[in-house]
Amino acid sequence: MQEQLNHLIRMQQVDKTIQQLLFTTEQNPVKIKEVDLEIQEAEETFRNFTHDLEDMKKQRKSLERDIEEFDQKIKKSQVKLMEVKTNKEYKAMLTEADELKKAKTGKEDLLLEFIEKLEEGVRKEKILKNELEIKVNEGRQKKKKLEEEGQEIGQELQALKEKRQEICSRVEGSLLQQYEFLRERLKGTAVAEVKNGTCLGCHMHIPPQLFNELHRQDRIIPCPSCLRILYLVGSGINKEP
């Protein structure tokens, strides 16, 4: 019976390792998706910025065209000013010329603001582009590492499943059924060590008579409280893998 208990202890250790690895394999795709999302967000931010920058460049060209048009209008106004024959027409043309010049000045001031913003935008674009390249490269490295980890875990899981199958072949049929039943119901812990007279599965005290029987290890003894299969380290029982 000691040998059977040792098999169960080993199998429980294997089962817990398998569960941990399965959890990791479930998390890996989530982490990869998070990396993809981070890259997509960074690319979207950069695209939006460059789109806004292009809009500013178009507005700058529009302002430059407006200023050119004002220049043409001012030149025409000056020509007309030389052709007027009355003081009234002269004053009217002067007023028109002043308004054109003021409007042109306003457009020029606005153009200067746009030029400053564009210069700042071009500098920021270079910084954002560099940051994006770094983030993309880091993301690719993270994904590669996660994918490699996934492959390694897959290989480890296969080895553990083979090991579990080998242990199962050594456990008596009825005892294996009992173990599987308890493992499913008790969150993966079907076999529990007894220490200082206490079941480490449910932390309840074991009756003295039952505790004495555990020292003999001549039969399978369930915990009176949680029904886990109990064992004592020593006397042929080893919880190390």
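Structural remarks
- Residues of the stretch 101-125 with an amide N closer than 13 Å to a point placed 7 Å from the Cα of K57 along the Cα-to-Cβ direction: 118-119, 121-123, 125.
- What the chain shows is 68 Å² of accessible area per residue, with the surface traced by a 1.4 Å probe over protein heavy atoms.
- For the chain, the longest principal axis of the C-alpha atoms and the axis of helix 173-185 are separated by about 40°.
- Inter-label distance for D218 and E3, nm, one decimal - labels placed 7 Å from Cα along Cα-to-Cβ: 1.8
- Calculated mean residue ellipticity at 222 nm for the chain: -29000 deg cm²/dmol, from DSSP H runs with n ≥ 4 weighted as -39500 (n - 2.57), summed, divided by the residue count and rounded to 500.
- Label-point gap, in nm, between Q209 and T105 - each point 7 angstrom along Cα→Cβ: 11.1
- To put it simply, the accessible area of the stretch 120-216 at a 1.4 Å probe is 49 percent carbon and sulfur.
- Which of I18, Q40, V30, positive extreme of dipole for the stretch 1-57 (C-beta unit charges): I18
- Simple Cβ-charge dipole of the chain, Lys/Arg +1 and Asp/Glu -1, about Cα centre, in debye nearest 20: 240
- Sulfur and carbon atoms: percent of accessible area, the stretch 1-61 [1.4 Å]: 51
- Its Cα centre serving as origin, the stretch 94-142 has a Cβ charge dipole (Lys and Arg +1, Asp and Glu -1) of approximately 460 debye.
- Taking each of K57/K126; K75/K102; K143/K163; K161/K195 in turn, the alpha-carbon distance tops 19 angstrom for K143/K163; K161/K195.
The values are calculated or read from the model by the stated rules, or taken from the named source; none is laboratory data. The shown structure was predicted, so the numbers you read here are calculated from the model rather than taken from an experiment. Note: ideal-geometry Cβ built from the backbone for every residue, glycine included; neighbour counts use all protein chains shown. In case anyone asks, the SASA skips ligands and DNA or RNA and just uses the protein heavy atoms, side chains included. Shrake-Rupley method; radii C 1.70, N 1.55, O 1.52, S 1.80 Å.
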